[in-house]
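Trainee: Got a structure here, written out as structure tokens. Questions coming.
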Amino acid sequence: MADDIVKAFAAIGLSDAVVKETVKNTKLSSALTGIIAEAGVTDGCDKAIGSLLYALATADKSGSLPNREYVSLAIKDGRLKTVRQVEAAIAYMKQNAGSFNEHVFNKDCGVGVEVTTEEVKTLVAAYIQENKEVIESERYQRLSATMVALRANPDLKWADATVLKKEIDLQFGQLLGPKDERDAPKKKVKKPAASKEAKTSTTNTAKTAASAEHSGNMFEEGFLARLYKPGENPQIKPELREQHLRATGGKVVTRFPPEPNGYLHIGHSKAIAVNFGYAKYHNGICYLRYDDTNPEAEEEQYFVSIKEMVNWLGFKPYKITYSSDYFQELYDLAEELIKRDKAYVCHCTAEEMYAARGGDERGPRYACKHRNRPIDDSLAEFRGMNDGKYQPNQAILRMKQDLEDGNPQMWDMVAYRVLDAPHHRTGDKWKIYPTYDFTHCLVDSFENISHSLCTTEFITARQSYEWLCDALEVYKPKQSEYGRLNITGTVLSKRKIAKLVTEKHVRGWDDPRLYTLVAIKRRGIPPGAILNFVNELGVTTSTTNIQTARFENSIRRYLEDHTPRLMVLLDPVPVIIDNLPDDYVEECTVPYKPNDPTMGERKVPFAKRVYIDRSDFRTEDSKDYFRLAPGKSVGLFRVPYPIKATSFKTDPATGLVTEIHAHYENDAEFKKPKTYIQWVGDAPSHKSPVILDEVRLFTPLFKSENPSAHPDGFLADIDPNSEQIVKNAMVEVGITDMQKRGTKDAGEQDEQKRLDGPEAIRFQAMRVGYFCMDSDSSEGRVVLNRIVSLKEDVGKRA
């Protein structure tokens, strides 16, 4: 039997690899076998037909599609020639299960519509001419957007996608010529420097985010690229689809719907990028909607922080809404659900409900004694719940779903419960509050969401989501699930982070060792780097578990391209240059990033007294050592001549070097030194050096990849040395210039600068690592955080 199936699948043109994977999938294999029989191609068929039959099987693994045999035969006889037509046929059959009309089917699915190659050529030429200016500006980066736009053209709806793409490629080539360095992927197009001032990392965050969301392929391939078009999600009534499209104009409409009961974490950055980015990519809109249906857990600080983090990542919501905006509409629909005998008031305890759902033994499920109470009885009781007749846990409204279904989300889920708590927006108006399971799909419907994008833990909830919309006969968005993003080696649970905060293991919810977004921001990680990281990972249906080392490597690569360089000394030692006058000061021109003039440059004072890092001096020389030692010369970065160490002094008590004397070799023929080191000049007239109040060096908060697995609890896995504070470090005057540039602009950017905070002043400390200013910094007090080390730490978890 298995051999016969393999032969049948191969006979319709499937590759060996696809055949092998299909046979492993029992549901898909069964569906495809049935479709092959329905189409009458058990002896084989053309590969193009086989591909479409396979697409049909993939969409109908359960075998529940009405009139599937009709679709199979339409593929076989050539009426349905493209995947898009098959998708349209599937949508039509789902929407019109009991009222099939061949004429309407043919019209909706493009049967008999022939778009000739000449027509394709004409329409492509017209589009390119109309958008010539932007195409010539963006060149081949505009290729995919052009394809999307033309595919949305009604006159090209049924055109062969291969022919269309080939014609677009051809006409792009005729207009732009061959691809060159301007079209290289992920290559930054450098702008001419407007001045020699530093181009610091305080560049507008929104622009960075916009660049990140369009620079990669997360919307062009994989999960997000395969999503349906607006209006293709099936409806229980055809007119609901038309009403939705009239309301949205056919645009993509998404939403990011966090619960305002905690701070967002790194996993939410993916949800933000997916929902806002997908809408932006398709020229649609995205709501920021607070799911504020649990007044007992919501606090104002969370509302504020969520909005700030969305804005910080560079996204601006189309509107900010609240589930509580719709409390009256939700209540009215709850009454309507009762009137349709699809909801009832239940007085069972939690234990009784658990037992009725099968209990610990997972035995047979049964209806509770309230399930079949009269409709008028439930309606009166529900109104009584809202009037304050019951205390919490004494009465709930449950949806009357399907207890025989294998999905627990269909076991009469709770729609409303009594809560004795004031709401932050509605006060004491309501005594009852809707649950997530009741609210989420209906508010999606109210807001005409075209794509309800969420993570895979909500897969089982999709069935109840669709059930409720259909039960009330309202517009039904389609829920699509993607894999969430997890970072290993840390904790993301609100409860666990709260414990870390309250027990003073960390500075707060924004401690840079945590992975809340406020902590990541304070650590100095740029929003563009986060979006770039999400884009690198792509979006699939699998949960992505990423080790911190991989995350930091991605951030490190981003910072390498986007940050200026400064000279920082964590352990400074003075060097006295004996052959220079006491008042000697020479301004050295130092680029913010070598070989990158767009970053600009600054003047750094070189004086008789300079500082170097203690690690760059040895009291005894050796052949394999190339930095400063007695009798040895070394270059100071961008200083014209080397210096040679002549003597040094040490502390009798510690043996540490306290002072080095050197000779400036400007009186001899220049000989390029083998190495250059960073330095800071002692020039009070130039306000150099800048003394750092603190430099905070962070390493992972936990010792292991899975702190929660520690036998003594996650707190026992904390590394007590994960934060080291360095005092008396110093930095060159370039940081002062960066501070001025980061605060001098006013007007429209004020709000963004407030969101960016001092952490937006970030740089590479040469040969040390990447740093930013911490929010503890103030006038006359500079505190630095290390974002990441210059290279991955040896022995670090990877």
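Trainee: Checking residue 137 against (1) modelled with pLDDT of 85 or more; (2) on the phi < 0 side of the Ramachandran plot: exactly one of these is not met. Which one?
Mentor: Failing condition for residue 137: (1).
Trainee: Something else now. Can you tell me which of (1) in a strand (DSSP E or B); (2) at pLDDT below 90 is the one residue 255 doesn't meet?
Mentor: Here residue 255 clears every test but (2).
Trainee: Now for a separate question. With 318, 322, 290 as the choices, which residue is within 22 Å of residue 250 (Cβ to Cβ) and either aromatic (Phe, Trp, Tyr) or at pLDDT below 95 (or both)?
Mentor: Of the residues listed, the single one that is within 22 Å of residue 250 (Cβ to Cβ) and either aromatic (Phe, Trp, Tyr) or at pLDDT below 95 (or both) is 318.
Trainee: As an exercise: evaluate residue 81 against (1) free of Cβ contacts under 8 Å to residues at least 40 places away in the same chain; (2) within 39 Å of the chain's Cα centre (by Cα); (3) surrounded by fewer than 20 Cβ atoms within 10 Å (Cβ to Cβ) and give the number of the one condition it does not meet.
Mentor: Looking at each condition in turn, residue 81 falls short on (1).
Trainee: Right, residue 700: in contact (Cβ under 8 Å) with a residue 60 or more places away in the chain, assigned to a loop (DSSP other than H, G, I, E, B) and farther than 15 Å from residue 572 by Cα or not?
Mentor: Yes: the conditions hold for residue 700.
Trainee: If you go through segment 627-638 one residue at a time, do you hit one that is among the hydroxyl-bearing types (Ser, Thr, Tyr) and crowded, with 19+ Cβ neighbours inside 10 Å?
Mentor: Within segment 627-638, one or more residues are among the hydroxyl-bearing types (Ser, Thr, Tyr) and crowded, with 19+ Cβ neighbours inside 10 Å.
Quick grid of which residues meet (1) touching an Asp or Glu at 6+ places or on another chain (Cβ under 7 Å); (2) among the aromatic types (Phe, Trp, Tyr):
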site: 83; (1), (2): no, no
site: 89; (1), (2): no, no
site: 100; (1), (2): no, yes
site: 122; (1), (2): no, no
site: 135; (1), (2): no, no
site: 144; (1), (2): yes, no
site: 153; (1), (2): no, no
site: 161; (1), (2): no, no
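Trainee: A further question on this structure: Considering segment 464-473 alone, what residues qualify as being in contact (Cβ under 8 Å) with a residue 40 or more places away in the chain and either closer than 16 Å to residue 237 by Cα or surrounded by fewer than 18 Cβ atoms within 10 Å (Cβ to Cβ) (or both)?
Mentor: Across segment 464-473, the qualifying residues are 467, 468, 469, 470, 471, 472, 473.
Trainee: Next up: Residue 496 versus (1) under 24 Å from the mean Cα position of the chain (by Cα); (2) on the phi > 0 side of the Ramachandran plot: which is the lone unmet condition?
Mentor: Answer for residue 496: the failing condition is (2).
Trainee: Can you name every one of the strands (runs of 3 or more DSSP E) wholly within segment 542-613 that holds 1 or more residues which are of a type in the set (A, V, I, L, M, F, W, C) and not assigned by TED's automatic domain parsing to the domain that holds residue 685?
Mentor: 544-546
Trainee: Looking at residue 534, is it among the aliphatic types (A, V, I, L, M), surrounded by 21 or more Cβ atoms within 10 Å (Cβ to Cβ) and farther than 24 Å from residue 660 by Cβ?
Mentor: Yes: the conditions hold for residue 534.
Trainee: Of the residues 327, 382, which is touching a His at 6+ places or on another chain (Cβ under 9 Å), aromatic (Phe, Trp, Tyr) and either outside any helix (DSSP H, G or I) or modelled with pLDDT of 95 or more (or both)?
Mentor: Among 327, 382, only 327 is touching a His at 6+ places or on another chain (Cβ under 9 Å), aromatic (Phe, Trp, Tyr) and either outside any helix (DSSP H, G or I) or modelled with pLDDT of 95 or more (or both).
Trainee: Which is crowded, with 17+ Cβ neighbours inside 10 Å and of a type in the set (Val, Ile, Thr), of 396, 375?
Mentor: Exactly one residue qualifies, and that residue is 396.
Trainee: Also, I was wondering about something else. Listed residues 746, 760; which is out of contact with any Phe, Trp or Tyr (no Cβ under 8 Å at 6 or more places or on another chain), outside the structural domain of residue 686 (by TED's automatic domain parsing), surrounded by 22 or more Cβ atoms within 10 Å (Cβ to Cβ) and at pLDDT below 95?
Mentor: 760
Trainee: Right, another one. For segment 14-41, give me each residue that is of a type outside the set (A, V, I, L, M), in a loop (DSSP other than H, G, I, E, B) and at pLDDT 90 or above.
Mentor: 40
Residues are listed down the side, and each one gets a yes or a no for (1) within 26 Å of residue 583 (Cα to Cα); (2) modelled with pLDDT of 95 or more; (3) within 46 Å of the chain's Cα centre (by Cα):
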| position | (1), (2), (3) |
| --- | --- |
| 615 | no, yes, yes |
| 638 | yes, yes, yes |
| 641 | yes, yes, no |
| 644 | yes, yes, no |
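Trainee: Residues of segment 226-249 being part of a loop (DSSP other than H, G, I, E, B) and of a type in the set (A, V, I, L, M), which ones?
Mentor: Result: 227, 236.
Conditions (1) within 30 Å of residue 730 (Cβ to Cβ); (2) surrounded by fewer than 19 Cβ atoms within 10 Å (Cβ to Cβ); (3) touching a residue at least 12 places away in the same chain (Cβ under 8 Å), marked per residue:
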position	(1), (2), (3)
516	no, no, yes
527	yes, no, yes
540	no, yes, yes
569	yes, no, yes
588	yes, yes, yes
592	yes, no, yes
595	yes, yes, no
598	yes, yes, yes
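Trainee: Taking the condition of being surrounded by 17 or more Cβ atoms within 10 Å (Cβ to Cβ) and part of a loop (DSSP other than H, G, I, E, B), how many residues in segment 706-729 meet it?
Mentor: Residues that pass the stated criteria total 2.
Trainee: Here is a list: 145, 126, 159. Which entry is aliphatic (A, V, I, L, M), outside any helix (DSSP H, G or I) and closer than 25 Å to residue 284 by Cα?
Mentor: Result: 159 is the single residue among 145, 126, 159 that is aliphatic (A, V, I, L, M), outside any helix (DSSP H, G or I) and closer than 25 Å to residue 284 by Cα.
Trainee: All but one of (1) surrounded by 15 or more Cβ atoms within 10 Å (Cβ to Cβ); (2) among the hydrophobic types (A, V, I, L, M, F, W, C); (3) not in a strand (DSSP E or B) hold for residue 695; state the number of the condition that does not hold.
Mentor: Checking residue 695 against (1) surrounded by 15 or more Cβ atoms within 10 Å (Cβ to Cβ); (2) among the hydrophobic types (A, V, I, L, M, F, W, C); (3) not in a strand (DSSP E or B), the one that fails is (3).
Trainee: A further question follows. Could you list all residues from segment 614-644 that are outside any loop (DSSP other than H, G, I, E, B) and within 12 Å of residue 673 (Cβ to Cβ)?
Mentor: Within segment 614-644, 628, 633, 634, 635, 636, 643, 644 meet the criteria.
Trainee: Please work out if residue 673 is in the same structural domain as residue 576 (by TED's automatic domain parsing), under 22 Å from residue 581 (Cβ atoms) and within 49 Å of the chain's Cα centre (by Cα).
Mentor: Spelling it out, it is not the case that residue 673 is in the same structural domain as residue 576 (by TED's automatic domain parsing), under 22 Å from residue 581 (Cβ atoms) and within 49 Å of the chain's Cα centre (by Cα).
Trainee: Inside segment 90-120, can you point out the residues that are assigned to a helix (DSSP H, G or I), at pLDDT 90 or above and of a type in the set (Gly, Ala, Ser)?
Mentor: Passing the criteria: none in range.
Trainee: Out of segment 299-313, which residues are assigned to a loop (DSSP other than H, G, I, E, B) and surrounded by fewer than 22 Cβ atoms within 10 Å (Cβ to Cβ)?
Mentor: Selection gives 299 alone.
Trainee: Say whether the condition of being farther than 22 Å from residue 349 by Cβ and touching a residue at least 40 places away in the same chain (Cβ under 8 Å) is met by at least one residue in segment 368-379.
Mentor: There is at least one residue in segment 368-379 that is farther than 22 Å from residue 349 by Cβ and touching a residue at least 40 places away in the same chain (Cβ under 8 Å).
Trainee: Then there's this: Could you tell me whether any residue of segment 527-541 is hydroxyl-bearing (Ser, Thr, Tyr) and under 24 Å from residue 263 (Cα atoms)?
Mentor: No, every residue in segment 527-541 fails to be hydroxyl-bearing (Ser, Thr, Tyr) and under 24 Å from residue 263 (Cα atoms).
Trainee: If the requirement is being exposed (fewer than 14 other Cβ atoms within 10 Å of the Cβ) and over 28 Å from residue 303 (Cα atoms), which of these qualifies: 428, 387, 405?
Mentor: Selected residue: 387, the only one of 428, 387, 405 that is exposed (fewer than 14 other Cβ atoms within 10 Å of the Cβ) and over 28 Å from residue 303 (Cα atoms).
Trainee: Shifting gears a bit: Any idea how many residues of segment 394-409 are at pLDDT below 95 and either aliphatic (A, V, I, L, M) or part of a loop (DSSP other than H, G, I, E, B) (or both)?
Mentor: Of the residues in that region, 6 qualify.
Trainee: While we're here: Do we have residue 322 as farther than 30 Å from residue 760 by Cα and either surrounded by 14 or more Cβ atoms within 10 Å (Cβ to Cβ) or more than 34 Å from the chain's Cα centre (by Cα) (or both) here?
Mentor: Here the answer is yes, as residue 322 does meet what is asked.
The values are calculated or read from the model by the stated rules, or taken from the named source; none is laboratory data. Predicted, not measured: the structure shown is a model, and the values here were computed from it. Cβ: placed from backbone, ideal geometry, glycine included. Neighbour counts: every protein chain shown.
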